[in-house]
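Undergrad: Please see the structure below; I have some questions.
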Amino acid sequence: MPNSKKLIIDGAESSNIWHFVDDETPLAEAPAIISLARLQDEGAELVAAGKKLGVILRAGEKQGEDVHALKPFLDNLAVVAIEFPVYRNGRGYSTARILREQMGFRGEIRAVGEVLFDQWQFMHRCGINAFEVDADVSLEAFNEAMDELSAAYQPAADPQRGILWRRHN
Amino acid sequence: MYRYDEFDHQLVAERVEQFRGQVERRVSGELSEDAFKPLRLMNGVYLQLHAYMLRVAIPYGTLSSRQLRKLAHIAREYDRGYGHFTTRQNIQYNWPALARIPDLLAELAEVEMHAIQTSGNCIRNVTSDQYAGAIADEIEDPRIISEIIRQWSTFHPEFSYLPRKFKIAVTGHAHDRAAIKLHDIGIVIVRNEAGEIGYEVHVGGGQGRTPFIAKKLAEFVPKDKLLAYLEAVMRVYNMLGRRDNSYKARIKILVHETGEEEMRKLVEAEFAQIDASKMLEVPQAEIDRITRYFEPPAFETLPAESAAFNKAQADDAGFAQWCRTNVVAHRQLGYSIVNISLKPIGGVPGDATDVQMEAIAELAEAYSFDELRVTHEQNLVLPHIRLDDLKAVYDRLVTHELATPNLGLISDAIACPGLDYCNLANARSIPLAQEISNRFADLDRQYDIGELKIKISGCINACGHHHVGHIGILGVDKKGTEFYQISLGGSADEHASLGDITGRAFTEDTIVDAIETLVETYVGLRHADERFIETYRRVGLTPFKERLYAE
Ligand code: HEM
Ligand code: SF4
C-alpha cells in the first residue's frame with residue numbers, strides 16, 4: 001500500500017515521516033502512528049520516554065472509535081489519523097470537528113482510507129489538514145478540488161465565515 | 001418569496017459546473033458507474049428501472065410562476081412532456097438523458113432552482129406547510145426558518161455523508177400539514193408563556209420498513225439557538241448512528257435503541273458545547289433580510305363576502321362543489337386558498353403536463369401574486385386568490401382538466417412510482433391508484449364517504465406513506481406475484497398514528513373489492529359527520545377485519 005498513496009499536508013506534497021505501526025511491532029525511533037488501544041496501554045510510558053505520538057482512530061465494524069478517548073494524551077499527540085473506510089462513511093467529519101473545535105487540538109489531522117476528490121474540501125472545512133490520497137492525484141487537481149465551491153453558508157472548523165454571516169459583515 | 005443573492009447564484013452555478021465535469025468524466029469512461037454514483041446522487045440523479053431520473057428541489061414547496069414555466073419547459077425539452085410532483089414537495093423527471101442533465105441544471109439555475117441534496121445521505125430539501133403565509137392562526141410563516149435551514153444545510157461539510165438520508169420538516173400552525181412527526185427532525189413553531197417564538201423539536205420519526213412517530217426532544221428552543229440545536233442532533237447522529245446495516249441507519253433507529261431520555265441528554269450535552277461558541281447564532285439583520293421575502297403580498301382590503309362569488313356558486317353547481325372541496329379559508333378577508341388536484345379520476349397521481357404547468361403558472365401570475373405551492377399529498381396550491389376571481393380561475397382549471405373536486409377524498413390518493421418505474425418495487429402502485437379512483441369515480445359517492453386518505457407504496461420503503469394512510473396499501477411480493485397488504489387507521493397530522501395491518505394480503509384482482517368492503521363497513525358504522533379515521537379510532541380494527549375476511 002505505501003507506494004500507491006501520497007501525502008498532502010497543508011496544500012503541499014509532503015514526505016511521510018509518520019508511519020503506521022501495528023500493535024505487535026516494537027516501536028523504533030521513527031515517529032509512529034499507533035492504535036488507540038496501544039496508546040491507552042502504553043501511552044503513559046511513551047510520553048515519559050519523551051516521545052511525540054501519533055494515533056489512528058479506526059472506523060470499526062459497527063461503531064468508530066471515540067475521539068474523546070484521546071483527551072488524556074492530547075498534549076503529546078502530533079498526529080491524529082482518522083480512518084475513512086469508504087467514502088460514504090462520513091463519521092470522521094464530526095470526529096475532526098470535535099477534535100479541532102471542542103478539544104482544541106492543533107496538531108496534524110490526517111484523513112486516511114478512501115479519501116476522494118469530492119471530499120477534500122469538506123474534510124478541510126472540518127479541520128483535516130493532511131490527506132493520504134492515491135499516488136496518481138496531482139497537486140494541481142487537489143488544489144483545484146479545494147477551490148470548487150468558493151463560499152460556504154455555514155461556519156465549520158476553518159476560518160471561513162458562513163454566507164449567513166458574511167452578508168452582514 | 002426568497003430570491004437568490006450573488007452568493008446563492010454563485011454557489012449553484014459552481015455546482016452545475018462541478019457536475020458538468022463529473023458527467024463528462026463519466027461519459028468518457030474516466031469515472032466508473034460505481035465512482036460516479038455518489039456524485040450523481042448528490043445532484044438528484046437516480047438510476048431507475050428504465051432510465052436516469054432527476055429530482056429537482058422545490059424548497060418548502062414554494063414556486064413562482066417563472067419557475068413553474070421553467071419546469072414546464074424542461075418537461076417538454078428534456079423529458080416526455082410531463083413531470084411528477086412528489087410527496088417530498090419536489091418534482092421528478094423520469095426520462096432525461098444523462099449527457100444533457102448539466103444543461104438542464106444550468107437552465108434551472110437561471111430561475112434559482114437546483115437538484116442539490118435531493119438524494120444521497122445528506123440533509124434533504126426542507127419541507128413545510130403548503131398553506132404557509134396564507135392560512136389564519138399561523139404563529140409564524142414557517143418558510144422563514146425553513147429558508148435559514150436550507151442555507152445552513154446546503155453543502156454542509158460535516159453532514160454530507162451521514163449514515164442515511166435526513167429529512168427535516170417545519171410547521172408554523174397547530175394543524176400539521178407537513179407530517180412533521182414522520183420526519184427525522186420535525187419542527188413546530190410555538191409561542192411560550194412569555195409570548196416569545198421558539199421551536200418544539202421532534203426527532204426520530206420516519207416511515208420505511210420500521211416506522212416511528214418522532215419523539216419530542218425539546219419543548220422550546222429559542223429562536224437564535226435553533227441551528228445550534230439542529231447541529232447538535234446531527235452530530236450525535238453522525239457519531240452514533242449505525243453504519244453497519246443500512247436498514248438500521250436512520251436516526252429513528254438510533255433514538256429507538258438509545259431511548260428517548262438518553263438521546264435527549266446526548267443532544268443537550270452536544271448543544272451546550274456548540275451553543276457556548278455562539279457561532280451558529282444567525283445575525284438578526286440576516287433573519288430580518290430573509291423575513292422580508294416572506295412578508296404578506298399587497299392584499300387589497302376587501303369585504304368578507306363577494307356578491308360575484310356567491311352568484312357564481314348559485315349558478316354553477318360544479319363550481320360550488322369544487323369550492324366546497326378544494327377551496328380553503330384565507331387569513332385575509334376576501335381571499336381564499338385554492339387547491340389544484342393532480343388526481344383526475346383515473347389519472348396518475350402527481351403528474352402534470354407541460355401545458356398544464358404553463359396554465360397554472362399563468363393563473364399564479366394573474367391571480368395569486370405570482371406564487372404557487374406543492375403539497376406533500378402531490379397536489380398544487382394557488383395560495384392567494386380573491387373570492388372575486390375564483391370563478392375565472394376555476395374555468396381555466398376546468399379547461400386543463402385540473403379542477404377535479406376531490407381534495408381529501410378517496411380518489412385523492414398518494415401513490416409511489418411503484419413497479420412502473422422503481423427497481424425496488426414488489427407491486428404496481430400507480431395503476432392501483434387509478435383503479436380505485438375509477439371504482440369510486442362517482443363524485444356524489446365520494447362526498448358521501450367524506451375525508452378518506454388512501455396511501456399506496458409499492459414496497460416496504462414506504463415512499464407512498466402507506467403507514468399513515470387512513471387506508472394504507474403496501475405492495476408485497478409472494479413468489480413473484482403482486483400482492484397488497486392493507487393497514488387501517490394511520491394518520492400523518494398532529495395526531496399522527498401508524499396504521500394497523502388487517503391481515504392476509506389481497507391479490508391484484510381482489511384488492512379494489514377489499515377497499516370497497518372497508519368503505520362500506522365504515523359507512524355502516526359511522527355516526528353522523530364522523531370521518532373514516534374517527535370511526536376507526538372509535539370502533540377499532542375488529543369490525544373491519546371481520547367484514548374483510550368474512551367467507
Ligand atoms: C423510484 C425511485 C425511488 C427509490 C429507489 C426510492 C427508494 C427509497 C428507499 C430505499 C426508502 C427507504 C429509506 C429508509 O427507510 O431509510 C425510501 C423512502 C421514502 N421515499 Fe423513496 N424512492 C423512490 C422514489 C420516491 C418518490 C418518487 C418519492 C416521493 C413521491 C419518495 C419519497 C420517499 C419517502 C417519503 C420515503 C419514506 C419516508 C422516510 O424517509 O422515512 N421516494 N425511498
Ligand atoms: S415504496 Fe418501494 S416501490 Fe415505491 S418508490 Fe419507494 S422504493 Fe419504489
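Values quoted throughout were computed directly from the atomic coordinates according to the rules given, and no laboratory measurement underlies them. Everything numeric in this text was worked out from a predicted model, so none of it was measured. Cβ sites come from the backbone with ideal geometry, for glycine too, and all protein chains shown count toward neighbours.
Undergrad: Quick check on the exposure proxy: order B:416, B:463 from fewest to most C-beta atoms within 10 angstrom.
TA: Details: B:416 29, B:463 24.
So the residues, fewest neighbours to most, are B:463, B:416.
Undergrad: My understanding is that a pair violates if its Cα-Cα distance is over 27 Å; which of B:165/B:545; B:225/B:252; B:248/B:478; B:478/B:545; B:37/B:455 do that in this structure? Write out the running numbers ahead of the final one.
TA: Working: B:165/B:545 36 Å; B:225/B:252 23 Å; B:248/B:478 24 Å; B:478/B:545 22 Å; B:37/B:455 30 Å.
Violating the 27 Å limit, Cα to Cα: B:165/B:545; B:37/B:455.
Undergrad: Need the C-alpha centroid separation for the stretch B:481-551 versus the stretch B:245-260, integer Å.
TA: Measuring centre to centre over Cα atoms gives 29 Å.
Undergrad: Give me the percent relative contact order of the stretch A:5-166, please, defined on Cα pairs under 8 angstrom at least 6 residues apart.
TA: Values: 252 pairs, mean separation 32.8, N = 162.
About 20 percent, as a whole number.
Undergrad: Could I ask something else about it? So how far apart, in nm, are the two label points at residue A:167 and residue B:549 if each is 7 Å from Cα heading toward Cβ?
TA: Going by the 7 Å Cα→Cβ label model, 5.7 nm.
Undergrad: Label residue A:22 and residue B:66 with points 7 Å out from Cα along Cα→Cβ: what is the distance between them in nm?
TA: Spacing of the two 7 Å Cα→Cβ label points: 6.2 nm.
Undergrad: Quick one: order B:146, B:341, B:306 by neighbouring beta-carbon count within 10 Å, fewest to most. Numbers along the way, then the final one.
TA: Values: B:146 30, B:341 27, B:306 20.
With the fewest neighbours first, B:146, B:341, B:306 line up as B:306, B:341, B:146.
Undergrad: I want the antiparallel fraction of DSSP beta bridges within the protein assembly as shown, as a percent rounded to 5. Intermediate values should be presented prior to the final figure.
TA: Details: 58 of 89 bridges.
Antiparallel bridges: around 65 percent, rounded to the nearest 5.
Undergrad: In which sequence would B:15, B:504 go, from the one with the fewest C-beta neighbours within 10 Å to the one with the most? Please report the intermediate quantities before stating the final value.
TA: Numbers: B:15 21, B:504 10.
Listing B:15, B:504 from fewest to most nearby Cβ atoms yields B:504, B:15.
Undergrad: Along the charge dipole of chain B, Cβ charges K/R +1 and D/E -1, which of B:47, B:240, B:431 sits furthest on the positive end?
TA: In chain B, that residue is B:240.
Undergrad: Next question, about the same structure. To the nearest 20 Debye, how big is the dipole of the stretch B:142-293 about its Cα centre, given +1 on the beta carbon of each Lys and Arg and -1 on that of each Asp and Glu? Don't jump to the answer; show the numbers that get you there.
TA: Working: 24 positive and 21 negative charges, 153 e Å.
Dipole magnitude for the stretch B:142-293 comes out near 740 debye.
Undergrad: Find how many whole Å separate the alpha carbon centroid of the stretch B:292-361 from the alpha carbon centroid of the stretch A:32-92.
TA: Each part reduced to its Cα centre gives a spacing of 62 Å.
Undergrad: About the Cα centre, and with charges only on the beta carbon of Lys, Arg (+1) and Asp, Glu (-1), how big is the dipole of the stretch B:304-356? Nearest 20 debye, please. Spell out each step's value before the answer.
TA: Working: 4 positive and 5 negative charges, 41 e Å.
Magnitude of the dipole: close to 200 debye.
Undergrad: Set Lys and Arg Cβ to +1 and Asp and Glu Cβ to -1, take the dipole of chain B about its Cα centre, and tell me which of B:355, B:532, B:394 lies farthest positive.
TA: B:532
Undergrad: What is the distance, in nm, between label points placed 7 Å from the Cα along the Cα-to-Cβ direction at residue B:438 and at residue A:158?
TA: 5.7
Undergrad: Here's something else I'd like to know. Among A:145, A:48, A:111, which one shows the highest mean-square fluctuation when chain A is modelled as a Gaussian network with alpha-carbon springs under 10 Å?
TA: Per the Cα network of chain A with a 10 Å cutoff, A:48 tops the list.
Undergrad: A further question on this structure: Within chain B, which cysteines find no other Cys whose Cβ is under 4.7 angstrom from their own?
TA: When partners are defined as cysteine Cβ atoms under 4.7 Å apart, chain B leaves B:122, B:323, B:422, B:459 without one.
Undergrad: Note the angle between two axes, namely the Cα long axis of helix A:36-48 and the longest principal axis of the Cα atoms of chain A, as a number of degrees from 0 to 90, rounded to the nearest 10.
TA: 70
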